[in-house]
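First comes the structure, then the notes that go with it.
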């Protein structure tokens, strides 16, 4: 497993090794021991799987507030998506900074999203599946969102995105009082 740091602390790109032959390939999307050896000690408690049938479906920017804050390990099971993280940890040297990466079945990349970061994605192909592990269960009272267009993100859109009512009504980053604090690692 290759682990690459990004400009945002604790946001990492993971590239699992694929072992392939004429039948296809095998890879480990998560191996607890290998992750601990790489300094990633997460206790994932739930796997989520989402399908977006239309191109330009945008979901996010989502978070769960403490005590149900979630770290996420995100990958694309089918299709193509542009995955985005925004650092909202008060006191972080990269507060308000965003990072985005294309995830696809073909490239096999994964994105490690730490607690204290907003997360969202936009689909770039029809019938795109996103699969992700989370470190805390869903908690409706802790669930929140920040408007997708309030963080200066270049989503690469050529048309208006398809949004949920929740995402359409979300607060702006400027109005967001983050419940997250920066903890230097």
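When the residues of the range 1-15 are filtered to those that are touching a strand residue (DSSP E or B) at 6+ places or on another chain (Cβ under 7 Å) and in a loop (DSSP other than H, G, I, E, B), which remaining residue is surrounded by the fewest Cβ atoms within 10 Å (Cβ to Cβ)?
Keep residues of the range 1-15 that are touching a strand residue (DSSP E or B) at 6+ places or on another chain (Cβ under 7 Å), which gives 1-8, 11-15.
This time we only want the ones that are in a loop (DSSP other than H, G, I, E, B), so: 1, 6-8, 11.
Numbers: 1: 17, 6: 17, 7: 11, 8: 21, 11: 21.
Across the range 1-15, the extreme among qualifying residues is 7.
Is it true that residue 184 is modelled with pLDDT under 95, under 22 Å from residue 87 (Cβ atoms) and not in a helix (DSSP H, G or I)? Steps first, answer last, please.
Details: modelled with pLDDT under 95: yes; under 22 Å from residue 87 (Cβ atoms): yes; not in a helix (DSSP H, G or I): yes.
When the stated conditions are applied, residue 184 passes them.
What pairs come up if the first residue lies in the range 29-49 and is at pLDDT 85 or above, the second is assigned to a strand (DSSP E or B) and surrounded by 12 or more Cβ atoms within 10 Å (Cβ to Cβ), and their beta carbons are under 6 Å apart, counting only those six or more places apart or on different chains?
Hits for this filter: 44/133; 46/134; 47/133; 48/132; 49/131.
Residue by residue, here is whether (1) crowded, with 19+ Cβ neighbours inside 10 Å; (2) within 21 Å of residue 137 (Cα to Cα) holds:
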| site | (1), (2) |
| --- | --- |
| 26 | no, no |
| 33 | no, no |
| 37 | no, no |
| 40 | yes, yes |
| 60 | yes, yes |
| 75 | yes, yes |
| 79 | yes, no |
| 82 | yes, no |
| 93 | no, no |
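From 29, 50, grab the single residue that is in a strand (DSSP E or B) and over 21 Å from residue 181 (Cα atoms). Give the derivation first.
Working: 29 fails: in a strand (DSSP E or B).
Result: 50 is the single residue among 29, 50 that is in a strand (DSSP E or B) and over 21 Å from residue 181 (Cα atoms).
The values are calculated or read from the model by the stated rules, or taken from the named source; none is laboratory data. In this text, all values refer to a predicted model and were calculated from it rather than measured experimentally. Every residue, glycine among them, receives a Cβ derived from its backbone with ideal geometry; neighbour counts consider all protein chains shown.
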